[in-house]
Structures are given as C-alpha cells and as structure tokens.
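The values are calculated or read from the model by the stated rules, or taken from the named source; none is laboratory data. Keep in mind the model is a prediction, meaning the values are calculated, not measured. Every residue, glycine as well, gets a Cβ built from its backbone with ideal geometry; the counts of neighbours run over all protein chains shown. Only protein heavy atoms, including side chains, enter the accessible area calculation; ligands, DNA and RNA are left aside. Shrake-Rupley method; radii C 1.70, N 1.55, O 1.52, S 1.80 Å.
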Amino acid sequence: MNSIISELEQEHSSILHYWIDYMHDDENGGFYGERDSHNNIVRNAPKGAILNGRMLWSFSSGYLAFHKPVYREAADRVFNFIINYLYDNKNGGFYWSVNPDGTPLDTKKQAYAEGFIIYGLSEYYRATGSQKALSLAVETYELLEKHFLDTKEGGYIEARAADWTDIADLRLSEKEENTPKTMNTHLHIIEPYVNLYKVQPSEKLKMSINHLLDIFASKIIDPKTGHFNLFFEMDWKVKSEIDSYGHDIEGAWLLYEAAEVIEDEQWMNRLKPLCKRLVDVTLEEGLDGGNAIFYEKVNGHLDTDKHWWPQAEAMCGLADTWRLTGDAKYYGIMLKVWNFIKAHISAPRAKGEWIWRVDKDGVDKYDDCLAGFWKCPYHNSRAMLEVIHRIKMMQ
C-alpha cells in the first residue's frame, strides 16, 4: 500500500503544480478563469466564486498536508482575490462571477457558490490561522441561514439577487431544471458546514448539519432506488428522473463524514447502510467493466462518457466504504478506478491536471477545457488526500 500512497502523493503534487505553473494571472491578479482543451489561456473568461472557493480549499488543504510554501503562497493569492473582488462590500456574501479584471459581472448570490466560499475560507483558516477568513466564513454561514433556509418546508433555496431579494432564474447552469431546491446545492452546503464545524463548532451549526442530514435521509435519498433525487419543488416534490452516479458515490462519504464530525452515533448508525447502498447501487448500475464510472442516466438513457470528477469521487466513496465495512472488494475496485484514471484521465496533454472526460472506450474527447469555471483542482486533489488518509487508517 505504500507504493499506492506514493503514487497518490505524486499525483496530488502534479495537479496543484498545474494550477501554479499555468493559471497565475499576473496581469489582473488571482488566477485565470480558463484554459482550453489545448491549454491555451482564455483571456476573456470570467472568474467565478465556485472556482475560487474550490482553489482556496485545494491549496489550503495541500499546505496542511505537505507544508510546501508554494501552496501557502497560492492559497494567499486566491484568498486576496476573493476578499478584494468577489466579496460584496455593500450586501455581504460573494458575487457569482467577475470579469477577468475583477469588476463585477454576475452579482447574484447562489447558495452553492456561497457554500464553496465557506469551504475554502474554513480550510484557509485551518492552514494559516487567518482570523479574517474565519470571520468571513461564519458571516457567510449566517447569511445562508438568514436568506436561503426554508423554515416552512425545510432545506435551502437555490439563489437570491445581490441584495438577497427573490430572483426568477435559480439555476446553477443552463442545462439544469429551474427548480427552487436541488440535491447538488444541499450536498455542497453540508460539505462546507462540516468543514466550518471542524474549526468553529457551535450548537447552531450542529443543528444546521443535523437538519441537512435529515433532509438527505427523508427527502433526497430515494428509498426505492437507492439514488439521490436531484431537483425539487419547494414542497420537495421530485421534478426529475436523473441518476447521477458521481453525486451518489460522493454523497455517500460526505454524509457519513458529517455524522462523524458532529460525533452523532445515532446518525452514524442510520447513515451507514444508506451510504453503503448509494455506493453499491453506483457499482451495480454505473460501473463499466469494474474500471470506471459512467456519468449519469437521464429518463432511462445512459450517458456512457466518463468524466473526471465521478472517478475522483468514486475513489473516495470506495475507500470510505472499505474503511467502514472492512470488505476488501471496495479497495480492489478503487484500485481499478485509479488505474483507469492513470491510463485515460490523467493524460499527458493535461500537463499535470486531468482531462474533462473520455468516451465509453476511453477515447479522449478533446472538447472541454482543462481548467475553468467548473473545472478545478478540488475533486481530484481531494481524492488523493482522502484515499491516502483512509489507507493509512487501514494499515
């Protein structure tokens, strides 16, 4: 297992150094918003809160794990860009996106993006002790609770305008349903809340995490299929027929981690079989030849492309299920996914990053960016760290 750890550590280094070597924006500050599939800078690409929150988490967690000064310098660079350009000084919270020079572009407040800023800020505090980062993380948590929490039906709505008033278009992206609640946003609210709880525990925050766990257990996990339902009306009426294999297996380990961090034994006992089922259903329906995870199934149609981030989350979910059950089959499948990543996703043209996707046969699609608004070092660098941690726990 030491050889696997060594491989994962090297891959983690390669991923972060891609962003340091190719994404520094020395003209406008921070990091570029995009590099295309051939690693060319897209100079007019916007810079988003999601990308920057995720980068802040990635560099901060890398610095915590390996104490390389270059990771601290990169984390500082992202942090300064976030507070100087993405922070809304008038209303609080963080803009969805800014222009390459940092001037506001889309000033809406998306709960999903605010969550990733909390995720990054709390990790930056863990890495550096920055009180400003911690204060902003807590402030943003309070704003989410004030403006996004649905006190009647439970859960959180998707989006608000810059001044926290209602907004018609609630979608994260054009391809999604325009519904007031989604699984994706709830998953990426509990994720930062748990990270914030690690550094600033409080009864209120613990209650918020408990509330989110209950929403997943009672509203989002489909008891018939074992999958997450994805889109909902305000009253939690399901509005989609989509199975997202990457989200299912990602949610499995994130939800159990939440119960562990708040040290709630009842939740751990309740979630263990639910989370294992999320993983098992993904393996049964979404694993191609035991080697890689398909993207999703929409209205019965299987999308057989293999995207980078479901492979990363499969590694985390499989490693965690191995830890929780002691069943070595999960570790064995994880190794096969890792071998697929090395052979097809961590491609030479990515310069140390991962390519976006390949088709069913592992053929490079060459049609998506290497780095961009949604393509960041978070899923894959995190997978390296999480799997290393679990292997060490099992040794």
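The table below gives the values:
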quantity	calculated
Mean projected area in nm² (Cα convex hull; one quarter of hull surface) for the stretch 1-61	5.1 nm²
Mean Cα-pair separation over length for the chain, i.e. relative contact order, pairs under 8 Å, 6 or more apart, %	18 percent
Point-to-point label distance, ASN44-LYS224, nm (Cα→Cβ direction, 7 Å offset)	4.8 nm
The stretch 119-187: trypsin sites (Lys or Arg not before Pro) falling in loop per DSSP and having at most 16 other Cβ within 10 Å	LYS152, ARG171, LYS175
20 °C / 1.002 mPa s Stokes-Einstein diffusion coefficient of the stretch 215-287, Kirkwood radius on C-alpha pairs, µm²/s	170 µm²/s
Percentage, to the nearest whole number, of Cα pairs in the stretch 329-390 over 13 Å apart	67 percent
GluC sites (Glu not before Pro) restricted to DSSP loop in the stretch 1-102 with at most 11 other C-beta within 10 Å	GLU27
Theoretical ellipticity at 222 nm over the chain - DSSP helices of four or more residues, -39500 (n - 2.57) apiece, nearest 500	-17500 deg cm²/dmol
Calculated over the chain: convex hull of Cα atoms, volume per residue (Å³)	130 Å³
Per residue accessible area in Å² of the chain, where ligands, DNA and RNA are left out and the probe is 1.4 Å	38 Å²
For the stretch 31-79, alpha-carbon Rg relative to the globular expectation (2.2 N^0.38 Å, N residues)	1.25
Kirkwood-based shape ratio for the stretch 71-177, expressed as Rg/Rh from alpha carbons	0.98
q = 0.15, 0.22, 0.27, 0.28 Å⁻¹: log10 I(q)/I(0) that the Debye formula gives for the stretch 175-248, counting C-alpha atoms only	-0.54, -0.98, -1.26, -1.31
Taking the stretch 204-357 and dividing mean pair separation by its residue count, relative contact order in percent (alpha carbons under 8 Å, at least six apart)	19 percent
With every protein chain in place, the stretch 193-318: carbon and sulfur % of accessible area (1.4 Å)	46 percent
Loop sites in the stretch 217-287: trypsin sites (Lys or Arg not before Pro), DSSP, at most 13 other Cβ within 10 Å	LYS224, LYS237
Rounded FRET efficiency, nearest 0.05, which uses the C-beta distance separating GLU177 from LYS90 and R0 of 35 Å	0.70
Kirkwood Rh, angstrom, the stretch 252-367 [1 / mean 1/r, Cα pairs]	15.0 Å
Volume per residue of the C-alpha convex hull in the stretch 26-125, rounded to whole Å³	105 Å³
